[in-house]
Each structure stands twice: as structure tokens, then as C-alpha cells.
Amino acid sequence: VQLQASGGGLVQAGGSLRLSCAASGLTFINYGMGWFRQAPGKEREFVAGINWNGGSTRYVDSVKGRFTVSRDNLKNTVYLQMSTLEPEDTAVYYCAADYLGPSLLYTESVDYWGKGTQVTVSS
């Protein structure tokens, strides 16, 4: 199983980025998918999640209204559209897959992790 995340980079505060995570080696529709992030010196935290058919999404309070998670089951890809980025969003972002999982993912329930992509927001 591989989860290949891409789309990170350096952006100014107020800007936007779209992360993508292409999954292979698994039956994509069987997995709840999500994004976590980890800033230096902090624990990894849940950011956004989506259930198998996209009918349910969840977000951490700090990104509600700014981030949107979506998935394309034909392309085996999950996305995270990030807008109005803030310096506090700076972190390594990880894609995650939870077998038969809901839209709210927990670190302990994740079956597969991607390698992470760096997002840096400058003030």
C-alpha cells in the first residue's frame, strides 16, 4: 500500500494550497481517508477526514471554513483544499487511511500513513 501526498510548499499568509494524496495497493472505497499534521515540537493532530463515499466530512475546529476535504474514488485520490492559510498551519501534512473508517479519524485507528508533505506559511 502506498499513499503518495503532494502539493505542499511555501505560501504567504492568506494564500491557498491544494494537497493531493494518491492511493495504491488498496481498495480505496473501503477506507475512510483523512489528513493529519504535525508541527515541530507538537503531537500529530487530526485535520480533516472524509468517509468512503464523501457523504460525511469532519474538521478540526481551527480549520473549519478554511479547509475542504474531498475524494475522487475513480482516481483513488483524496484532496485537501486549504485557503486563507495562517502561519499556525505550518506543519508536515500526512495522508491517512482507515479501513472501514468514518470521517473522523483517530491516530490509533489509522491503518496506513503517507510520507508527509511540508506546508510552510510565512507571515
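Restricted to Cα positions, what overall size does the chain have along the principal axes? Three whole-Å values, descending.
Ordered largest first, the chain gives principal extents of 40, 26, 23 Å.
Determine the distance separating the Cα centre of segment 59-82 from the Cα centre of segment 17-39; give it in Å without decimals.
9 Å
Roughly to the nearest percent, how much of the accessible area of segment 19-123 is carbon and sulfur, given a 1.4 Å probe?
Carbon and sulfur atoms account for 49 percent of the accessible area of segment 19-123.
Compute, for segment 1-77, the length of the dipole vector about the Cα centre, with Cβ point charges of +1 (Lys, Arg) and -1 (Asp, Glu) only. Units Debye, rounded to 20.
Here segment 1-77 has a charge dipole of around 100 debye.
Over the chain, with the other protein chains present, what is the accessible area per residue in square angstrom, probe 1.4 angstrom?
Per-residue value: 51 Å².
Compute, for ASP72, the solvent-accessible surface of its heavy atoms (probe 1.4 Å) with the complete set of protein chains present, and express it in square angstrom to the nearest 10.
40 Å²
How far, in nm, would the chain grow between ASN73 and THR107 when pulled straight, counting 0.36 nm per residue and subtracting the alpha carbon separation?
Full-extension gain reported as 10.0 nm.
The values are calculated or read from the model by the stated rules, or taken from the named source; none is laboratory data. Note that the structure is a prediction, hence the values are computed from the model and not measured. With ideal geometry, Cβ positions are generated from the backbone for all residues, glycine too; neighbour counts draw on all protein chains shown. Keep in mind that these areas ignore ligands, DNA and RNA; they rest on the heavy atoms of the full protein, side chains included. Shrake-Rupley method; radii C 1.70, N 1.55, O 1.52, S 1.80 Å.
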